[in-house]
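Below: one structure, written as structure tokens.
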Amino acid sequence: MELDASLDTLKGIGEKTRQVFDRAGVSTIEELISYYPRTYERYEKPAAIASLKEGDFASILGRLEGPLETRYLRGLSISSAVFGDGIEHILVSWFNMPYLRNSLKSGVLYVFRGRIKAKGQRLILEQPTVFRPEQYEGLIGTMLPNYTLVKGLTNQMVTKAVRQVIADKQLLSDAMPEAIREQYALAEYNFSIEQIHFPSSDQALQLARRRLVFDEFFYFLLQLRGLKERRERAYNQFHMKKAPETQQLIGRLPYQLTGAQQRVWHTVEQELQGNAVMARLIQGDVGSGKTIVAILALVMAAANHLQGALMVPTEVLARQHFASFTELMGKNGFPFRAELLTGSMTAKQKREAYARIASGEVSVVIGTHALIQEKVQYQNLALVITDEQHRFGVRQRETLSKKGAYPHTIVMSATPIPRTLAVILYGDLDISVINEMPANRLPIKNCVVNTGYRKKAYEFIRREVEAGHQAYVICPMVEESEAIDAENVVEYTEVLRTELPPAFTIEYLHGKMKPKEKNEIMERFLEGEIQVLVSTTVIEVGVNVPNATVMMIENSERFGLAQLHQLRGRVGRGSAQAYCIFLHTLDGKHIRERLDILCKSNDGFEIANRDMQLRGPGDLFGVRQSGLLDFALADIYTDADTLQQANEAVGELLAKDPKLEQEGHSALKLKFDRLLFHQNGQISL
């Protein structure tokens, strides 16, 4: 069995099961063992109902005090009953599980396990897992993995397949050179893979995680160094001249560029005229005005009879940028044409667009990943810009660059990363920072409250909507599975529909929806047809909705500060005052102090630095990451020390053996080459 072997080489995985795993992005043995648990079920002794509070995840030993009753609400079935431990009682409820009426009997002893929620003054145990007491007794003290699931894929299916692979110790050879393992006290690879999936203790889990985080950073930085070397050897084949159109555009804007915008634009303008190929990161908070700098660069390329491309992560954002650019060119009488290219276009629309791009009929191409498809051929691509670029893999950025003869590259990011880390993570790029907000931008007003203020928050949202504005409500990813996450957002939407006036249009958005559905919802929100949007963090990289003035973030204690800051950047894009309500379920001095940082500052970089200082190994929000930067395990704030060690290790290794040809490095070279081939850019930044 080889690491790149298909999953159907494992016992018990036939064609249908293989297709289910495919939907989760797991096609090979290597992808399976890298499909790390999202969280772990820690089985502890059952708790007394009297000791429970909202937000707890607990197990309760007790009896149903009556039969389950089932009611239906907007297509959802809700089954509920009272459950008691002999002293106190609590309401338990399940969604879309009416069959439980036939299997759960009143008076019989069960262990129910789930999340405690509050509705009014009453606590509710929602969607609990059911155990027989003797069954639960055998689980106490263990940690079992919870994986991210898709339709048809169960936790048991993943667990069984991973156990089978781990049993073959010969399969998992350690590619990391022994000298590096010893220098940085890294656990052995087989041990780490086994313990990350099935930890024997918290200490073993931490050792395993640190090793695998080191690997993620290490291979990413190796890839980045190669990209930097190729760029440094490249000669600028696209010497541009100053374009009077850019100065005309600046003079005709309805606002004045900030000093930071002017400084960054001057740097970009000089580099486009220089001898070296530009490779520059432009960092700046959401709303700081990075896009106008990109537009000026695209106009300069077009004025020099060259092509520029702008790649963004979502179709809605691509369409918005395309419309803005086209309108701006029309208003100023500039002849530069843009082309929109997205995955949802018909085959005919794409063919026609390809022809216009290849002929040079259009100067600017704006789109999503569709820009790097094999069929897209550019006539003279001189400038490549990626927006919110941590959503694209390094290889994807490079693929777009290869559409031209080493074009200039601008990478834009609103991700607030401390400079010490940015220098490492963007090692192939020079860095510019736009650290001023436009003068007409009102600072967002923030408040941190507990669940006792939820009703007041709903009332505030009602008043803002009645005043003609719109609102976001953000729900976090729940720990149990992605499927329940989607149900959670749906359920919350139903709650809001009962709490807010019926005239309000309230819809939901989550990562399990089809791209077409997500685009449709975002378009309707953009057009003002939806007043309140309930969403997971998929709106983190969203569109510009100037009319949205309120964001309420549920369970805000479960997010990193930098991500919370980036989320709230979705509001305050217009002239009206904007507000962000950080609602925390768990209480505690540390939680309050941490969230209060967001009330005291709207500066993303200051917040990112505080986040890095405050967070420790115990502050991971789930094991498998889904935050600002899309590493599978690594978190740049919690794992900042490991990132710096991996950078040091890569530097020392390449100084001694730049081509990885020395004795002892063959396994490393083989694994690195395999990663480049198979992942095709899935190590993302």
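The values are calculated or read from the model by the stated rules, or taken from the named source; none is laboratory data. As the structure is a prediction and not an experimental result, all values here were calculated from the model. Every residue, glycine as well, gets a Cβ built from its backbone with ideal geometry; the counts of neighbours run over all protein chains shown.
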Condition check for CYS599: under 24 Å from HIS469 (Cα atoms) and surrounded by fewer than 16 Cβ atoms within 10 Å (Cβ to Cβ): yes
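Could you grab me the full set of residues in the range 214-264 that are modelled with pLDDT under 85 and small (Gly, Ala, Ser)?
Listed by number, the residues that qualify are GLY226, ALA234.
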Neighbours by Cβ (under 9 Å, 6+ apart or cross-chain): first from the range 351-364, surrounded by 14 or more Cβ atoms within 10 Å (Cβ to Cβ) and assigned to a loop (DSSP other than H, G, I, E, B); second among the β-branched types (Val, Ile, Thr) and modelled with pLDDT of 95 or more: SER363/VAL299
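Take the residues in the range 430-446 that are of a type outside the set (Asp, Glu) and crowded, with 17+ Cβ neighbours inside 10 Å, then tell me which one is farthest from LYS117 (Cα to Cα).
SER432
When the residues of the range 284-332 are filtered to those that are out of contact with any strand residue (DSSP E or B) (no Cβ under 7 Å at 6 or more places or on another chain) and charged (D, E, K, R), which remaining residue is nearest to ILE521 (Cα to Cα)?
GLU315
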When residues of the range 386-406 are limited to those that are closer than 24 Å to THR267 by Cα and under 20 Å from the mean Cα position of the chain (by Cα), the one modelled with the highest pLDDT: THR386
Filter result (loosely packed, with under 12 Cβ neighbours inside 10 Å, of a type outside the set (D, E, K, R) and at pLDDT below 90) within the range 92-126: ASN102, GLY120, GLN121
Spans of strands (runs of 3 or more DSSP E) in the range 35-101 with at least 1 residues touching a residue at least 24 places away in the same chain (Cβ under 8 Å) and of a type in the set (A, V, I, L, M): 57-64, 69-73, 76-84, 89-95
Conditions (1) among the aromatic types (Phe, Trp, Tyr); (2) surrounded by 22 or more Cβ atoms within 10 Å (Cβ to Cβ); (3) in a helix (DSSP H, G or I): number failed by TYR492: (2)
Residues of the range 407-426 satisfying the condition of being crowded, with 20+ Cβ neighbours inside 10 Å, of a type in the set (Ser, Thr, Tyr) and modelled with pLDDT under 85: THR415, TYR426
Some residue of the range 226-236 being touching a His at 6+ places or on another chain (Cβ under 9 Å) and buried (at least 21 other Cβ atoms within 10 Å of the Cβ): no
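Quick grid of which residues meet (1) under 24 Å from THR493 (Cβ atoms); (2) assigned to a helix (DSSP H, G or I):
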{"site": "MET412", "(1), (2)": "no, no"}
{"site": "PRO416", "(1), (2)": "no, no"}
{"site": "SER432", "(1), (2)": "no, no"}
{"site": "MET437", "(1), (2)": "no, no"}
{"site": "ARG441", "(1), (2)": "no, no"}
{"site": "CYS447", "(1), (2)": "yes, no"}
{"site": "TYR458", "(1), (2)": "yes, yes"}
{"site": "VAL465", "(1), (2)": "yes, yes"}
{"site": "PRO476", "(1), (2)": "yes, no"}
Count - residues of the range 240-257 that are surrounded by 18 or more Cβ atoms within 10 Å (Cβ to Cβ), within 26 Å of LEU429 (Cβ to Cβ) and over 34 Å from the mean Cα position of the chain (by Cα): 4
Test: residue in the range 525-535 that is at pLDDT 85 or above and within 25 Å of ASP635 (Cα to Cα): yes
Number of positions in the range 196-209 that are within 25 Å of the chain's Cα centre (by Cα) and buried (at least 22 other Cβ atoms within 10 Å of the Cβ): 4
Residue check, ALA161 of a type outside the set (Ser, Thr, Tyr), buried (at least 17 other Cβ atoms within 10 Å of the Cβ), free of Cβ contacts under 8 Å to residues at least 24 places away in the same chain and assigned to a helix (DSSP H, G or I): no
Subset of the range 266-305 that is in contact with a Leu (Cβ under 7 Å, 6 or more places away or on another chain) and over 30 Å from VAL538 (Cα atoms) - its residue that is surrounded by the most Cβ atoms within 10 Å (Cβ to Cβ): ALA301
Failed condition for LEU526, given (1) under 18 Å from VAL490 (Cβ atoms); (2) touching a residue at least 12 places away in the same chain (Cβ under 8 Å); (3) surrounded by fewer than 21 Cβ atoms within 10 Å (Cβ to Cβ): (1)
Per-region count, the range 487-542, residues within 28 Å of VAL312 (Cα to Cα) and among the aromatic types (Phe, Trp, Tyr): 2
Qualifying residue in the range 258-280 (condition: in a helix (DSSP H, G or I), within 23 Å of the chain's Cα centre (by Cα) and not hydrophobic (A, V, I, L, M, F, W, C)): no
Cβ pairs under 6 Å, 6+ apart, first in the range 646-674 and at negative phi, second at pLDDT 90 or above and β-branched (Val, Ile, Thr): ALA649/ILE180
Odd one out for TYR110, checked against (1) in contact with an Asp or Glu (Cβ under 8 Å, 6 or more places away or on another chain); (2) within 15 Å of ALA58 (Cβ to Cβ): (1)
